[in-house]
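Reading through the structure tokens given below for one structure.
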Amino acid sequence: MTKDRKIGIAMDFSESSKNALKWAIDNLADKGDTLYIIHTLPTSDAESRNALWIESGSPLIPLVEFREPKIMEHYGVKIDIACLDMLDTGSRKKEVNVVTKLYWGDAREKLIDAVKELKLDSIVMGSRGLSALQRIIMGSVSSFVIDHAPCPVTIVKDN
Amino acid sequence: MATGDEKPVMVVGVDESEQSIYALEWTLDRFFAPYAPNFPFKLLIIHAKPNAVSALGFAGPGIVEVVPHVDADLKHTAAKVVDKAKGICESKSVHGAMMEVFEGDARNILCEVVDKHHASLLVVGSHGHGAIKRAVIGSVSDYCAHHAHCSVIIVKKPKIKL
């Protein structure tokens, strides 16, 4: 009775978010689901060619394009081999679709926007492991997402 | 340290709220029901019963008389929560779930249980309090998300039907 789910994964190419991706592929992904890799770039990165997408984020980028350094260069994203390998193997093994969506702006807000716009069934993210004081000063992306996301949120720790 | 092929442990924290019940049902639907009878996780359902004295929140001469009543009421609520959780497991044909009730603060209890059983996953509901309530009452889900030594899923009951 599994219906095709949309699982969002917050990706900043850190170890922690790659762990989150691995966890999601191993434990959450089922045949027919779609993994949405959400990556947020700072607004300052948005040059004129990306200005079109500041408002609502980039179009959905399929995995075949996400692999191409030339295509990703247009968006200002450096490809990460480990991440691509995981997506490649995972998508084949679990028979899931993989798309990427890029946003420009504050990661917190854009992750919530992504959940609402893409109607994600759940979102998976890593945790920077900041202390309580650091979270107050620097701000915690995971706390914000837990607070505001209208869907289940998974915080993956690296044990 | 784990010998043999023991299943990974999943801890689900429940209280008497609707959101908790929804979280338990979501977990069973997602991680247990489709895999019957070989469930991929060992399920441990935890209820943290507030301590009567801390629940009252005031001190004074009158407290001695009130505590037994509050305690009895809390025990009654805890029993209802356990029964409800058992009922939900039965209705989804999930057998073998362990249930435990502890007394004290949910935050600490859940994190301790995770450590004690080397759980790989903790699932909690979310009351969906606003920012001010969270600052005053504190958020169990936020605390657990940052302090539990395993991955944490915070399940929200959707406000809008999609």
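The values are calculated or read from the model by the stated rules, or taken from the named source; none is laboratory data. Computed from a predicted structure; not experimentally measured. Quick note on the areas: whole protein, heavy atoms, side chains included, nothing else; ligands and nucleic acids left out. Shrake-Rupley method; radii C 1.70, N 1.55, O 1.52, S 1.80 Å.
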Give the A-B buried accessible area in Å², both sides summed, 1.4 Å probe, nearest 100.
2000 Å²
Note the direction-averaged projected area, equal to a quarter of the hull surface, for the Cα convex hull of chain B, in nm².
11.5 nm²
Need the C-alpha centroid separation for region B:38-53 versus region A:1-76, integer Å.
35 Å
Give me the angle, in degrees from 0 to 90, between the Cα long axis of helix B:106-116 and the longest principal axis of the Cα atoms of chain B, rounded to the nearest 10.
40 degrees
Under the rule of -39500 (n - 2.57) per DSSP H run of 4 or more residues, summed and divided by the residues of chain B, what mean residue ellipticity at 222 nm is obtained, to the nearest 500 deg cm²/dmol?
-13500 deg cm²/dmol
In chain B, what percent of the accessible surface is made up of carbon and sulfur (1.4 Å probe, ligands and nucleic acids excluded)?
59 percent
Anisotropy class of region A:23-126 from Cα gyration tensor, a/c 1.5 cut
oblate
Dimensions (Å) - region A:1-40, Cα atoms, principal axes, largest first:
34, 19, 9
Show the residues, 5+ positions off or on another chain, whose built amide H is closer than 5 Å to the amide H of A:THR100.
A:ILE37, A:ILE61
How are the C-alpha pair distances of region A:22-68 spread across 10 Å bins, as whole percents from the shortest bin up?
19, 42, 27, 12
Residues of the protein assembly as shown: accessible area per residue at 1.4 Å, in Å²?
52 Å²
How large is log10 I(q)/I(0) at q = 0.16 Å⁻¹ when the Debye formula is applied to the Cα atoms of region B:56-104, each weighted equally and without solvent?
-0.59
The answer for B:VAL123, listing residues at least 5 apart or on another chain whose modeled amide H is closer than 5 Å to its amide H, is B:VAL11, B:VAL12, B:GLY13, B:ILE153
Ignoring ligands, DNA and RNA, what percent of the accessible area of chain A is carbon or sulfur (1.4 Å)?
53 percent
The protein assembly as shown pair-distance distribution - Cα-Cα, 20 Å bins, rounded %:
30, 54, 15, 1
